[in-house]
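The structure appears right after this line, and notes come after that.
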Amino acid sequence: MNGKALRHILSRSEWFAALPPALAEGIVAEARIRRFRNQPIYLTGDAPNGLFLLLAGEVRIVHYAGDGSPALLGATNPGTWFGESSMLDGRPRFSDAVAIGEASVLQLAPPAFRKLTEGSAAHYAAFTRLLCEHYRLAIAHIVSTATLPAMTRLAQRLLYFAEEEGRSLPGRRAVEFRLSQKDLATTVGISRQTLNGLLKQLETQGLIETGYARIILKKPAALQRLARREPEQLPQGGS
């Protein structure tokens, strides 16, 4: 990847665009591109191995509950940073980051991170702001899971994953993405049985089409209305 392409991806990050110029240039100079294929970038319990920016492909972030069951926290798309928590506090990783298929990342390794932050409170604070951004997103998801109807939460997650890993279908105003129903049910906070019922409702209404480990959003605009809880658009669903 050439410097122009790298800077184009970096420009998609509001956090990076707001960095002090010296820090932004330092990240570009110190970071290195790495490639992964269907393998972990880091695993739960690993020592911090860097801050990462996804350049191409898909990376899924997975956390494990106390009983060992996995929960998909999210999928990152190009332009998304991840892995900052352990870099800031020095503690082991508390989630897995796994490349799905081919993925390229920009890695700011621990020595480079320390070089850019030691002796500069402003630079360290910039990375703290990145953590705060992700914290706000996590809290918003927790609140929605606790307070919104299941159908609303499902619509929101369908739109989220379509944006993160979706592919437009040629000749159709539809988006396809691949995600197991088990992972989807976990992120929505409902059982597989409840999820199946809600998906059937959406499919009957012509909003989606389901297949093996894939979902096609046939009418994203209608799902957006569901996600916003517009009363006249809400079908009856579980909670």
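The values are calculated or read from the model by the stated rules, or taken from the named source; none is laboratory data. The shown structure was predicted, so the numbers you read here are calculated from the model rather than taken from an experiment. Using ideal geometry, Cβ is built from the backbone for each residue, glycine included, and neighbour counts are taken over all protein chains shown. The area values use the complete protein model at the heavy-atom level, side chains included, leaving out ligands, DNA and RNA. Shrake-Rupley method; radii C 1.70, N 1.55, O 1.52, S 1.80 Å.
Does Ala185 satisfy the criteria of being farther than 30 Å from Ala22 by Cβ, of a type in the set (A, V, I, L, M) and assigned to a helix (DSSP H, G or I)? Judged against the criteria, Ala185 is a match.
Here Leu53 passes the criteria (1) under 21 Å from Leu130 (Cα atoms); (2) assigned to a loop (DSSP other than H, G, I, E, B); (3) at pLDDT 90 or above except the one numbered (2).
If you go through the range 33-50 and keep only what is among the charged types (D, E, K, R) and either over 19 Å from Leu10 (Cβ atoms) or at pLDDT below 95 (or both), you end up with Arg37, Asp46.
One line per residue, one yes/no per condition, for (1) over 22 Å from Ala65 (Cα atoms); (2) in contact (Cβ under 8 Å) with a residue 40 or more places away in the chain:
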{"position": "Ala97", "(1), (2)": "no, yes"}
{"position": "Ala103", "(1), (2)": "yes, yes"}
{"position": "Leu108", "(1), (2)": "yes, yes"}
{"position": "Glu118", "(1), (2)": "yes, no"}
{"position": "Cys132", "(1), (2)": "yes, no"}
{"position": "Val143", "(1), (2)": "no, no"}
{"position": "Met151", "(1), (2)": "yes, yes"}
{"position": "Leu159", "(1), (2)": "yes, yes"}
{"position": "Glu163", "(1), (2)": "yes, yes"}
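Going by what's in this entry, would Asn38 be described as of a type in the set (S, T, N, Q), open to solvent by 30 Å² or more (accessible area, probe 1.4 Å) and on the phi > 0 side of the Ramachandran plot? Yes.
Only one of Gly90, Gly50, Gly66, Gly26 is within 30 Å of Ala213 (Cβ to Cβ) and either crowded, with 18+ Cβ neighbours inside 10 Å or of a type outside the set (Lys, Arg) (or both); which?
Gly66
The residue list Arg173, Arg192, Arg157 contains one member that is surrounded by fewer than 18 Cβ atoms within 10 Å (Cβ to Cβ), farther than 30 Å from Ala31 by Cβ and touching a helix residue (DSSP H, G or I) at 6+ places or on another chain (Cβ under 6 Å), which is Arg192. Scanning the range 126-147 for residues that are open to solvent by 40 Å² or more (accessible area, probe 1.4 Å) and over 16 Å from the mean Cα position of the chain (by Cα) yields a count of 6.
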